[in-house]
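Trainee: Shown below is the structure under consideration.
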Amino acid sequence: MSDTLSLAERFRRLIAATGPISLAHYMAEANAHYYASRDPLGVGGDFITAPEVSQMFGEMIGVWLADIWMRAGKPEPVLYVELGPGRGTLARDCLKAAARFGLAPQVHFVETSPLLRQAQSGGMPAAQWHDDLSTLPDDVPMLLVANEFLDALPIRQLVKTPQGWRERMVGVIDGDFAPVAGDRPMDAAVPEAFREAEAGTIVETCPAAAAVVEEIARRLAAQGGAALLIDYGYDAVQTGSTLQALRAHRHHDPFAAPGDADLTALVDFATAAQVAHRAGARVQGPQGQGAWLHAMGIGTRAAALAQSSPAHAGAIAAALERLTHPDQMGALFRVMELVAPDWPDGAGF
């Protein structure tokens, strides 16, 4: 029996014994299994993130970090913290660019996957690893980057039924996992603006993302520093399910094979901004990734790379378009800045 089947069987036995499980439980367990068992990145994996598209993405982040650090007075020591750093590609490109301006921070990665930690250590052997933010140093300024991290955190969904609002759970129907409505009234948990919505309406929240953003903002307010949160998401609270599964670069049924596909959901940046502000950080954005990258000078960098390597000019132009064009990653992906109260605003907003 494969690991994937045993995870599915564990879910089936749990549901048979106790009834439907929460979508948050399902997503958390499935993604924990998924990331612990493989390297999901690249052409041979399930998806490609912006740092894998081009070095230019990490370079622009490195310039942003160096710029805000210099205008904050070049505090030393300073931390570079990355949440979910993948293979370490973003960190390498980012820190190489930042080093040109004298920024050489201590490197801290928040990563739970043993396989990805091994990949990261190959290029960043001096990094320190953490399972979550709680063990990060709390007495020096922090420059934090979270690229495509929040979207993989477990979501919670509420659905309007003829009997009122219920939590959207995961049950088994005809042998297959499927969403079902729970039996406990949840009307009090629904924002007032949506309580009278028609039957079938879904409201989605991500308590885990809110907790992470709150912790980042609280640390920035106490320690100093700045953070960039980059993910695909939306700027105004909306209804509807955004849960999706990616496998071999294609969308799949998120309930078909738990643990064998990457489960994600769009990030609610409107709520994230409110949470961060309440926790003491200043907030700028979100705005489109394309607009932010162009404001940071990615067009000039692409032209310089093409001039120095004419044979790769076509690939450089294609990467630039993928990262910045509104029909690709430029609009759906959003960039938001969190800044300590006594730090300057970052560039590009």
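The values are calculated or read from the model by the stated rules, or taken from the named source; none is laboratory data. Predicted, not measured: the structure shown is a model, and the values here were computed from it. Positions of Cβ are generated from backbone atoms using ideal geometry, with glycine treated the same way; all protein chains shown enter the neighbour counts.
Trainee: I'd like to verify a number: residues in the stretch 196-222 that are among the β-branched types (Val, Ile, Thr) and either surrounded by 23 or more Cβ atoms within 10 Å (Cβ to Cβ) or closer than 27 Å to residue 139 by Cβ (or both), how many? Working first, answer last.
Mentor: Of all residues in the stretch 196-222, those among the β-branched types (Val, Ile, Thr) come to 201-203, 205, 212-213, 216.
When the remaining residues are screened for being either surrounded by 23 or more Cβ atoms within 10 Å (Cβ to Cβ) or closer than 27 Å to residue 139 by Cβ (or both), the result is 203, 212-213, 216.
Selection size over the stretch 196-222: 4.
Trainee: If you don't mind, there's one more thing I want to ask. Might you let me know whether the stretch 149-158 holds any residue that is farther than 30 Å from residue 340 by Cα and of a type outside the set (Gly, Ala, Ser)? Quick ask: steps written out before the conclusion?
Mentor: Applying the first criterion (farther than 30 Å from residue 340 by Cα) to the stretch 149-158 yields 157-158.
Then drop every residue that is not of a type outside the set (Gly, Ala, Ser), which leaves 157-158.
Yes, some residue in the stretch 149-158 is farther than 30 Å from residue 340 by Cα and of a type outside the set (Gly, Ala, Ser).
Trainee: Turning to a different aspect of this structure: Hand me the list of strands (runs of 3 or more DSSP E) wholly inside the stretch 123-169 holding 1 or more residues that are aliphatic (A, V, I, L, M) and either at pLDDT 95 or above or touching a strand residue (DSSP E or B) at 6+ places or on another chain (Cβ under 9 Å) (or both).
Mentor: Working: elements: 128-130, 142-147, 156-161.
Fully inside the stretch 123-169 and qualifying: 142-147, 156-161.
Trainee: Are there any helices (runs of 4 or more DSSP H) wholly within the stretch 18-89 with 3 or more residues that are at pLDDT 95 or above and of a type in the set (Asp, Glu), and if so which? So that I can check it myself, show each step before the final result.
Mentor: Numbers: elements: 23-36, 50-53, 55-71.
Filter on the stretch 18-89 gives an empty set.
Trainee: Of the numbered conditions (1) surrounded by fewer than 21 Cβ atoms within 10 Å (Cβ to Cβ); (2) closer than 27 Å to residue 217 by Cβ, residue 269 fails exactly one; give the number of that condition.
Mentor: Checking residue 269 against (1) surrounded by fewer than 21 Cβ atoms within 10 Å (Cβ to Cβ); (2) closer than 27 Å to residue 217 by Cβ, the one that fails is (1).
Trainee: Kindly provide the set of residues from the stretch 168-195 that are of a type outside the set (A, V, I, L, M), surrounded by fewer than 21 Cβ atoms within 10 Å (Cβ to Cβ) and touching a helix residue (DSSP H, G or I) at 6+ places or on another chain (Cβ under 8 Å), ordered by number.
Mentor: Quick first cut of the stretch 168-195, residues of a type outside the set (A, V, I, L, M) only: 168, 171, 174-177, 179, 182-185, 187, 191-192, 194-195.
When the remaining residues are screened for being surrounded by fewer than 21 Cβ atoms within 10 Å (Cβ to Cβ), the result is 171, 174-176, 179, 182-185, 187, 191-192, 194-195.
171, 179, 195, listed by residue number.
Trainee: Okay, next question. Considering only the stretch 242-272, state which residues are within 20 Å of residue 8 (Cβ to Cβ) and among the aliphatic types (A, V, I, L, M).
Mentor: 243, 245, 246, 248, 256, 257, 261, 263
Trainee: Moving on. Taking the criterion of being among the hydrophobic types (A, V, I, L, M, F, W, C) and closer than 22 Å to residue 280 by Cα, would at least one residue in the stretch 150-167 satisfy it? It would help to see each step written out before you state the result.
Mentor: We begin by selecting, within the stretch 150-167, every residue among the hydrophobic types (A, V, I, L, M, F, W, C); these are 150, 152-153, 155, 158-159, 165.
Retained after the next criterion (residues that are closer than 22 Å to residue 280 by Cα): 150.
Yes, that holds for at least one residue.
Trainee: Would you tally the residues in the stretch 223-262 being basic (Lys, Arg) and surrounded by 18 or more Cβ atoms within 10 Å (Cβ to Cβ)? Break it down stepwise before answering.
Mentor: Of the residues in the stretch 223-262, the ones basic (Lys, Arg) are 247, 250.
Of the ones still in play, those that are also surrounded by 18 or more Cβ atoms within 10 Å (Cβ to Cβ) are 247.
Qualifying residue count for the region: 1.
Trainee: All but one of (1) over 27 Å from residue 73 (Cβ atoms); (2) modelled with pLDDT of 95 or more hold for residue 247; which doesn't?
Mentor: (2)
Trainee: Select from the stretch 109-122 the residues that are buried (at least 18 other Cβ atoms within 10 Å of the Cβ) and in a loop (DSSP other than H, G, I, E, B) and write down the one among them that is farthest from the chain's Cα centre (by Cα).
Mentor: 113
Trainee: Next question. Pairs under 8 Å by beta carbon, first residue under 18 Å from residue 50 (Cβ atoms) and of a type in the set (Lys, Arg) in the stretch 64-89, partner modelled with pLDDT under 95 and part of a strand (DSSP E or B), six or more apart or different chains?
Mentor: Every condition considered, the pairs that remain are 87/41.
Trainee: Using the structure shown, decide if residue 322 is within 17 Å of residue 52 (Cα to Cα) and either small (Gly, Ala, Ser) or surrounded by fewer than 20 Cβ atoms within 10 Å (Cβ to Cβ) (or both). Break it down stepwise before answering.
Mentor: Working: within 17 Å of residue 52 (Cα to Cα): yes; either small (Gly, Ala, Ser) or surrounded by fewer than 20 Cβ atoms within 10 Å (Cβ to Cβ) (or both): yes.
So residue 322 passes the test.
Trainee: Across the stretch 315-343, what is the total count of residues that are of a type in the set (Val, Ile, Thr) and more than 21 Å from the chain's Cα centre (by Cα)?
Mentor: Residues of the stretch 315-343 that are of a type in the set (Val, Ile, Thr), as a first pass: 316, 324, 335, 339.
Right, trim to more than 21 Å from the chain's Cα centre (by Cα) and you get 316.
Looking only at that region, the number is 1.
Here's the yes/no breakdown for (1) small (Gly, Ala, Ser); (2) over 27 Å from the mean Cα position of the chain (by Cα); (3) closer than 16 Å to residue 242 by Cα:
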position: 159; (1), (2), (3): no, no, yes
position: 164; (1), (2), (3): yes, yes, no
position: 186; (1), (2), (3): no, yes, no
position: 190; (1), (2), (3): no, no, no
position: 204; (1), (2), (3): no, no, yes
